[in-house]
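What follows is a short report on a single structure.
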Amino acid sequence: MRKQLIILLFFIVHTASAQLSSFDYNGYAKYLFSTSKIPRIDDRLNDNLIHLRLNTKWYATENLTAALEIRFRAFYGESVEKIPSYSELIQTQHEFAELDAVIWESETSIGYLEADRFYVDYHKDNFQITLGRQRVAWGTCWVWNPTDLFNPQNVLNFDYEELPATDAVRLQYYTGPVTKIDLTYQPAIDPDNQILAGLWSFNQWNYDINLIAGMRFKRWLSGLSWTGDILDAGFRGEVLVTQAPDKPDTNSLYQQIGESLLSSWDKPIVSVALSADYTFPNTFYIHTEILYNNNGKTSNTLLFQEEALSLGMLSAARWSLYQEFSYDVTPLLRGTIYGIFNPDDKSFVIVPSINYSVVTNLDLYLISLFFEGDTLTQYGEYGTAFYARIKFSF
């Protein structure tokens with residue numbers, strides 16, 4: 001499958017253009033040090049990560065563009081040594097094509113290379129088609145995106161600025177300056193993992209509005225999202241309604257603790273995200289966001305995280321609250337603190353950070369994650385972690 005995708009993309013680009021007209025590239029090199037304490041592991045884990053990224057883009061003709069973006073990560077430290085199957089945890093899973101490789105693996109280090117963007121894009125007049133590994137960003141909120149069906153983000157994965165991508169065929173037709181129809185298909189080896197959905201985007205009442213419908217994991221869905229402002233404050237929202245899941249064969253293990261599986265829900269699953277933010281004249285920034293799942297859990301949330309992902313849910317919790325404050329101490333120094341709170345099981349994570357521009361194209365980033373909560377709560381078993389990162393961009 002990997003060879004077939006590479007040959008197909010090369011053939012399309014090669015036959016569409018006889019000569020190179022323009023070629024651009026950029027990227028970065030990062031070093032990340034981390035020290036963390038996980039409750040179920042006695043020792044503190046000290047780790048090092050070297051992260052290299054190269055983004056290339058070939059403008060083959062006026063209408064045809066090809067892109068290849070690759071990243072290489074070298075992990076060294078105690079997490080590799082003490083966490084079982086660590087190499088599997090760091091690998092990105094794609095259903096259709098595997099464009100990655102573990103370069104080496106030892107007791108204390110792993111080298112991992114992947115192409116997380118690899119596509120060709122053709123546009124003619126109002127029509128655009130994109131084929132390959134790409135990011136399909138349909139969401140409007142900044143923390144949780146229920147309507148981002150193909151490649152949802154994780155706000156706690158702070159070191160992946162580019163965000164995940166998906167292997168897809170995407171057709172877009174622009175019916176006006178701010179209106180379009182978007183049809184995207186994500187193939188998969190397992191038919192149960194295929195996604196086919198359409199989006200109609202338009203502007204009304206000074207709001208950008210998206211209407212969504214389709215099928216994911218053999219379940220029908222429909223959604224609505226918007227972005228606009230109220231009294232100069234940004235206001236965004238997303239609503240996704242998904243067909244009720246198939247009944248599980250058994251859930252006796254969960255019944256013993258007085259719980260039922262998320263997939264035992266016999267009504268359509270409704271997920272709602274609301275987001276608002278405002279920047280004051282002195283650069284002080286405030287951002288509030290909320291996520292609601294009508295079938296979400298109010299206790300023992302940690303047990304259901306994996307099942308939630310399999311259902312396309314962003315969280316197994318009934319309610320999730322996000323609050324952020326940021327301020328530019330100087331033009332080169334920005335401080336941020338945010339937290340995510342589960343009001344039902346009372347678990348939370350607090351994330352303070354500082355970003356400093358040392359010189360042009362060289363940034364220093366310090367961030368900590370403090371998780372707190374009881375056993376089996378959403379955030380109660382992740383401990384604490386501190387990260388220091390230096391990044392050079394080119």
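May I ask you to order 135-146, 57-68 by the average number of other C-beta atoms within 10 Å around their residues, highest value first?
Answer by packing, highest mean first, reads 135-146, 57-68.
Have a look at GLY258, PHE96, SER275 and report the one farthest towards the positive end of the charge dipole of the chain, computed about the Cα centre with Cβ charges (Lys/Arg +1, Asp/Glu -1).
So the residue furthest toward the plus end is PHE96.
For the chain, with only Lys/Arg (+1) and Asp/Glu (-1) charged at the beta-carbon, what is the dipole magnitude about the Cα centre, in debye rounded to 20?
580 debye
Sort 274-285, 376-387 for me by packing, meaning the mean count of neighbouring Cβ atoms within 10 Å per residue, highest on top.
376-387, 274-285
Please report how far the C-alpha centroid of region 155-180 lies from that of region 122-140, rounded to the nearest whole angstrom.
Using only Cα atoms, the two centres lie 7 Å from each other.
In the chain, with Lys and Arg counted as +1 and Asp and Glu as -1 at Cβ, which of these residues, LEU366, ASN342, TYR356, has the Cα nearest the positive end of the dipole, that is, farthest along it?
The residue sitting most towards the positive pole is TYR356.
Return the lysines within reach of LYS218: Cα separation strictly under 24 angstrom, same-chain partners fewer than 8 residues apart disregarded; answer none if there are no such residues.
The reachable lysines, counting only those whose Cα sits under 24 Å from LYS218, are LYS247, LYS267, LYS297.
Work from the charge dipole of the chain (Cβ charges, +1 for Lys and Arg, -1 for Asp and Glu, about the Cα centre) and give the residue of ASN300, TYR382, THR330 farthest towards its positive end.
THR330
Here, each number is a calculation from the coordinates, and none is a lab measurement. Since we're looking at a predicted model, the values are computed, not measured. FYI the Cβ positions are ideal-geometry reconstructions off the backbone, even for glycines, and counts take in every protein chain you see.
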